[in-house]
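The values are calculated or read from the model by the stated rules, or taken from the named source; none is laboratory data. Small disclaimer: the values here were computed from a predicted structure and weren't measured. Cβ placement follows ideal geometry from the backbone for every residue including glycine, while neighbour counts extend to all protein chains displayed.
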Amino acid sequence: MLKLKKADFDEKHRFREAREEGLVNCVSCATMTDGTNTQEGPAYCEHEERLKRIKLGEYWSGFWGEPGESHNIASKMVCDGYQSKPLPEGVVVPELPRKHAILLETQWRDPYHGDPNCPYVIEELRIRHEDGKVRGRTGGVDIVDNRDRVTGDTIRDICEMPCCESKLPYQVLNRPNDYRRRVGIKPDGTEEKVWVRNGIVKHEKKVNMSLEEAESVFDLEGFNHINARSVHDKIVAVSNHLHKYCNSLGSRPLSKAANPVWLNSSNFHILKDSSVDDLGADIWVYDNRLFNVEKGLEKPLSELKKIPEGLIPCMDTEGAFSEAERGCFGYNFSPSFSFYGVIKKLEERVLISKGLNRFLEIGAVHVSGYEHMWGEFGKGFGAIESFHEQ
């Protein structure tokens with residue numbers, strides 16, 4: 001095996017700042033020696049590809065340009081050469097079917113992992129086995145179906161470990177990713193997006209309700225009175241309720257969808273094109289799998305003979321979106337909105353004449369923003385909070 005000098009090793013294995021949730025860093029790596037107390041004493045990396053071991057330390061400035069004393073940075077750093085320690089007896093790595101991915105609870109189900117042996121997955125399993133928590137989150141591994149995604153499709157975030165990156169051929173992201181940009185890992189969401197039309201995604205059908213039943217899902221008054229320790233817990237309870245009783249909307253015709261539905265912010269966005277005019281809808285949402293927003297509209301909607309594929313008229317009859325916008329007032333971030341609601345038949349003749357037959361009546365709105373800003377708004381309930389330090 002070719003032995004590498006420090007600079008060559010760091011270049012090959014991308015030695016960098018670790019993700020903030022602290023699942024994976026040099027302390028938990030099998031190749032680190034000494035320095036088990038992350039606050040005191042030196043720590044060393046003895047990876048088999050290194051020419052010689054190196055100290056995992058950062059030096060203070062000394063006199064006359066000489067380096068001063070160093071402090072241990074093992075708990076803050078990680079590299080692509082990370083090696084997991086053996087799992088406790090009885091803990092089994094899950095099988096991952098083809099075109100599926102893994103989301104982790106301690107990472108807020110954000111980065112997708114494409115390899116069950118990824119260090120982040122291994123450490124999540126260890127935390128779960130030991131009944132531990134990271135930033136208040138209990139460990140959990142969830143396998144999600146990506147079979148409807150296509151190569152080049154836009155995705156929130158992917159794990160930067162080589163074992164995962166090589167198996168997740170998607171674009172990152174819908175918006176710049178702070179971690180990837182900070183540590184210099186591309187893609188980081190700042191690149192020009194490649195337009196990929198993906199019209200094959202089926203609508204989820206875990207529930208199928210009548211209009212009356214579906215509308216009752218968005219009566220959230222009762223969540224104001226649940227026994228919860230904080231507003232955060234109430235927001236989580238509302239979110240779990242909406243995810244349980246709403247189907248994720250795919251990119252097939254709206255007439256095929258089962259109520260109630262969820263328009264997630266990964267694929268559905270508010271159309272802010274200057275050509276959007278009053279056609280009877282409160283808000284126009286576009287599906288980025290079907291409508292190329294970079295190209296935009298050729299003419300104002302009222303002048304088009306046919307509304308482009310992927311545009312959905314939305315009615316804010318309960319004022320959930322208006323309330324969500326007011327709730328964000330004063331926060332210094334650009335919020336992202338996800339809509340929940342009921343698909344109904346259109347009665348507006350102008351829209352019907354332009355090729356539409358369904359609209360979304362908004363029942364609830366999910367808000368997310370910088371770091372861990374999160375809010376839920378619906379009939380009788382509205383709350384937003386930042387709990388990124390919890």
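What the table below lists for this structure:
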{"read-out": "Hits in the stretch 251-306 - residues which are among the aliphatic types (A, V, I, L, M) and in contact with a helix residue (DSSP H, G or I) (Cβ under 8 Å, 6 or more places away or on another chain)", "value": "Val276, Leu279, Ala281, Ile283"}
{"read-out": "Given (1) out of contact with any strand residue (DSSP E or B) (no Cβ under 6 Å at 6 or more places or on another chain); (2) modelled with pLDDT under 95, index of the condition Pro162 fails", "value": "(2)"}
{"read-out": "Extreme residue, surrounded by the most Cβ atoms within 10 Å (Cβ to Cβ), among residues of the stretch 200-248 that are basic (Lys, Arg) and assigned to a helix (DSSP H, G or I)", "value": "Lys234"}
{"read-out": "The stretch 99-119 residues that are on the phi < 0 side of the Ramachandran plot and among the basic types (Lys, Arg), paired with ones that are assigned to a strand (DSSP E or B) and surrounded by fewer than 24 Cβ atoms within 10 Å (Cβ to Cβ) (beta carbon under 8 Å, 6 or more apart)", "value": "none"}
{"read-out": "Qualifying residue in the stretch 327-344 (condition: in contact with a Pro (Cβ under 9 Å, 6 or more places away or on another chain), surrounded by fewer than 16 Cβ atoms within 10 Å (Cβ to Cβ) and over 17 Å from Ile270 (Cβ atoms))", "value": "no"}
{"read-out": "Residue check, His129 at pLDDT below 95 and out of contact with any Lys or Arg (no Cβ under 6 Å at 6 or more places or on another chain)", "value": "yes"}
{"read-out": "Per-region count, the stretch 206-222, residues touching a strand residue (DSSP E or B) at 6+ places or on another chain (Cβ under 7 Å) and more than 29 Å from Asp145 (Cβ to Cβ)", "value": "2"}
